Amino acid sequence: MNGESLIQKVVITNPQGFHMRPMAAFAQLAARFDSSVKVSREGQSVNGKSILDLMLLAAAQGTELTLEVAGPDAPSALDALVKLLKSPAEEESSDPSI
Amino acid sequence: MEIKRGIAVSPGVAIGPALVLDSEWFRIPQRGIPSSQIDSECERLQHALGQAAAETRANQEAVTAKLGPQYGAIFAAHTLMLTDPALSREIETLIRNEHHAVAYAVSRVMRRYAKALESIEGGYLADRVADLFDIEKRILRNLLGQRREQLCDLSEPVIVLAHDLTPSETAALDPQRVHAFATEAGGRASHTAIVAGILDIPSVVGLGGFITDVSGGDVVIVDGHHGLLIIDPDEETRERYEHVRASFRSHESQLQELRHLPAETRDGVRVAMLGNIEFPQESAPCLERGAEGVGLYRTEFLYLGKQSDPTEEEHLEAYLTVLRTMGANRPVVIRTLDLGADKFLPRGNGVAGNGVGGTGVSPLGSVGLRASPERNPFLGLRSVRLCLRNLTLFKTQMRAILRASAFGDVRIMFPMISTLLELRQCKMILAEVKEDLEEEGIAFNPQLPVGTMIEVPSAAILAEQLAREVSFFSIGTNDLIQYTLAADRNNETVSTLYSPGDPSVLRLIERVVQAAAKHNLAVNVCGEMSGDPLYTMLLLGLGIRQLSVTPHGIPAIKRVIRSTTVEESVAAAQEAMRLETARDVNNYLREQTRRILPEVFE
């Protein structure tokens, strides 16, 4: 993989944690970039473009996740993904199951 | 190989492919494929994934339009999972490397994800497991399409694994094809246990979560002696169990030899051995096992899985089927509708195909119960209470029972009587129905014996008053124990309170027997207690001379009866009545029974 490999830590601020909907948004966004996206927590590392993989990383509010992005569009990918993770719980849903 | 421990409820050993029941009720037809088929299986996978994703996309749009994007998002996540390259890669790996059939590979991969999600600490995403099952079903539906095998026409024997089985589910199973049950939920006297006993197949309940560990088609062993479920056994274990299975069968055939011998104590006292049945087709195995009649014919199956209440002709047809097998001279005790919350209300998810289950059943619907579920169903509108509120339903069944009485030794029995007034109401309605039949010139037995179940503590306490107004009692121990000890027999956390040996239960039984003796009434005991050899001496000793048990239990009970004397049993009962706790009673009875029949609990 050419290009840079960038690493950044992000703390989950969404009160409902890194749950289904943000995961879906994350995987979708990650898939738009050519760079590889790895997400890890406490040594467990998964493919950030796979929602099934991300589900295994289920993270509550306050958890620290590490993003590792490598490839030609790494800077913009990292920027966009971090922004997504830090964005406040979008359209605050009263139903936590969604 | 994985071993799960649960509660053994019906003995025997079964080895075979798993059929994992879910609300969709389909099974994975085959596990392995020849190498020549690998490419076509992979093509089928891609096609099915594509179709499934198209469906969830359509759902997403429909739901978004209807409820808003935040609700559509759940299907967006489903679409993402279905199009996730990791998913298709993993499934393909199983197809290529393990030669798994595509449906089996899908199931294994999805369950692996589900398992991983479940095990995440704090159960944080455990609810999302339902999403994975949903996706699994969607893919399988696309793969198997119309070739889905229905439970009612299974092509090969299976072992049924489920979270829990509802009566309507079990009613739709083909007993010839189901070799064992294992469920996550349930206790010793749950419906699954009862049905397993009736069908005479090994069964283990209360195993706790295991459904995510198994895929349809996996080989499993159900050990109904020790309460074990073994998933994917190794060669050695499998061989050992083949052996156990064979020796159990020869033990069974030894018991079968008792078939034509009377249930008579060593000092010559006869005990009537009757069978409990639920389906008309069980009357033949009932006779085969040596029953002298049917002591409890449960009629609930007539009401299950129907769009409307059963007609008089449907009732009559079922009753006559039983009478034809039992002959005109063997007693057949027909219990009127005994449906309540535990046995009736299907789970919310409904049941596809088969015309079974659905989302509610007519008798409850017609009294408005479906609309507002009861907060305390076990103390609510069930059984005879339900019938008394729905006289058309009640009278239809009574007419059929009366008409059947012209053809054999039919008796009618009312369940869950809790007051004298209720019994009188039932009898009054019966008298009305008799009048109607007489006017119409339809034949019936005017002397039809009327009995009542004693299964509510109030009825046991007032047994003497009730005894004056009926011709027989039948003690329904399952409910009597549950209501006396206020412990739900299906609730694993309190099921240890539920014991037939509890001194309170013994006192109620003693009281009922004494009241009946005073009025020269026959007392039968039905329910699980009568089919457990541990309590045979006790019941004999308390004065019971009639036992109604699931057909497969008859030989074992008969063997205990033939090994003891009334004197021994009375002494054992007297001593048991002096003991203070259920545990002491059970230990004592075990010891006494072993003394007369050392191999009894093997």
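The values are calculated or read from the model by the stated rules, or taken from the named source; none is laboratory data. Bear in mind the structure is a predicted one, so any value in this text is a computation, not a measurement. Because the Cβ atoms are built from the backbone with ideal geometry, glycine has one as well, and the counts that use them run over all protein chains shown.
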The listed residue being more than 29 Å from B:Val106 (Cα to Cα) and within 14 Å of chain B (Cβ to nearest Cβ), out of A:Pro75, A:Pro15
A:Pro15
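Just checking: which of the helices (runs of 4 or more DSSP H) contained wholly in the range B:514-595 hold 1 or more residues that are free of Cβ contacts under 8 Å to residues at least 40 places away in the same chain? Give the steps one after another, and end with the answer.
Working: elements: B:536-542, B:554-563, B:566-578.
Of the helices (runs of 4 or more DSSP H) lying wholly inside the range B:514-595, those with at least 1 residues that are free of Cβ contacts under 8 Å to residues at least 40 places away in the same chain span B:536-542, B:566-578.
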Considering only the range B:214-233, I want to know if a residue exists there that is surrounded by 15 or more Cβ atoms within 10 Å (Cβ to Cβ), at pLDDT below 90, more than 18 Å from the chain's Cα centre (by Cα) and β-branched (Val, Ile, Thr).
yes
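The rows are residues; the columns are (1) over 37 Å from the mean Cα position of the chain (by Cα); (2) buried (at least 18 other Cβ atoms within 10 Å of the Cβ); (3) more than 14 Å from chain A (Cβ to nearest Cβ); (4) under 23 Å from A:Arg21 (Cα atoms).
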position: B:Ala76; (1), (2), (3), (4): yes, yes, no, yes
position: B:Pro85; (1), (2), (3), (4): yes, no, no, yes
position: B:Glu92; (1), (2), (3), (4): yes, yes, yes, no
position: B:Tyr104; (1), (2), (3), (4): no, yes, yes, no
position: B:Met110; (1), (2), (3), (4): no, yes, no, yes
position: B:Ala114; (1), (2), (3), (4): no, yes, no, yes
Going through B:Gly340, B:Gly295, B:Gly290, B:Gly327 one at a time, which residue ends up being under 19 Å from B:Leu547 (Cβ atoms) and either surrounded by fewer than 21 Cβ atoms within 10 Å (Cβ to Cβ) or modelled with pLDDT under 95 (or both)?
B:Gly290
Filtering the range A:33-52 down to residues that are at the interface with chain B (Cβ under 9 Å from one of its Cβ atoms) and either more than 12 Å from the chain's Cα centre (by Cα) or in contact (Cβ under 8 Å) with a residue 12 or more places away in the chain (or both) yields A:Lys49, A:Ser50, A:Ile51, A:Leu52
Output the residues belonging to the range B:285-312 that are charged (D, E, K, R) and in contact (Cβ under 8 Å) with a residue 40 or more places away in the chain.
B:Glu288, B:Arg289, B:Arg298, B:Glu300, B:Lys306, B:Asp309, B:Glu312
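Working carefully through the options B:Ala185, B:Ala180, B:Ala162, B:Ala196, find the one that is under 10 Å from the mean Cα position of the chain (by Cα) and either within 15 Å of B:Val222 (Cβ to Cβ) or at pLDDT 65 or above (or both). Explain how you work it out, then say what you get.
Values: B:Ala185 fails: under 10 Å from the mean Cα position of the chain (by Cα); B:Ala180 fails: under 10 Å from the mean Cα position of the chain (by Cα); B:Ala162 fails: under 10 Å from the mean Cα position of the chain (by Cα).
Selected residue: B:Ala196, the only one of B:Ala185, B:Ala180, B:Ala162, B:Ala196 that is under 10 Å from the mean Cα position of the chain (by Cα) and either within 15 Å of B:Val222 (Cβ to Cβ) or at pLDDT 65 or above (or both).
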For B:Pro598, state whether it is buried (at least 18 other Cβ atoms within 10 Å of the Cβ), under 30 Å from B:His260 (Cβ atoms) and not hydroxyl-bearing (Ser, Thr, Tyr).
no
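Only one of A:Ala70, A:Ala27, A:Ala89 is over 20 Å from B:Leu117 (Cα atoms) and modelled with pLDDT of 85 or more. Can you tell me which? Before the answer, list the steps.
Numbers: A:Ala27 fails: over 20 Å from B:Leu117 (Cα atoms); A:Ala89 fails: modelled with pLDDT of 85 or more.
Testing whether each residue is over 20 Å from B:Leu117 (Cα atoms) and modelled with pLDDT of 85 or more leaves just A:Ala70.
Scan the range B:266-281 and give yes if some residue there is assigned by TED's automatic domain parsing to the domain that holds B:Ile454, acidic (Asp, Glu) and at pLDDT 85 or above, otherwise no. Can you show your working first?
Initial filter on the range B:266-281 (assigned by TED's automatic domain parsing to the domain that holds B:Ile454): B:266-281.
After this cut, where a residue has to be acidic (Asp, Glu) as well, the list is B:267, B:278.
Now narrow it down to the ones that are at pLDDT 85 or above: B:267.
Yes, because at least one residue in the range B:266-281 is assigned by TED's automatic domain parsing to the domain that holds B:Ile454, acidic (Asp, Glu) and at pLDDT 85 or above.
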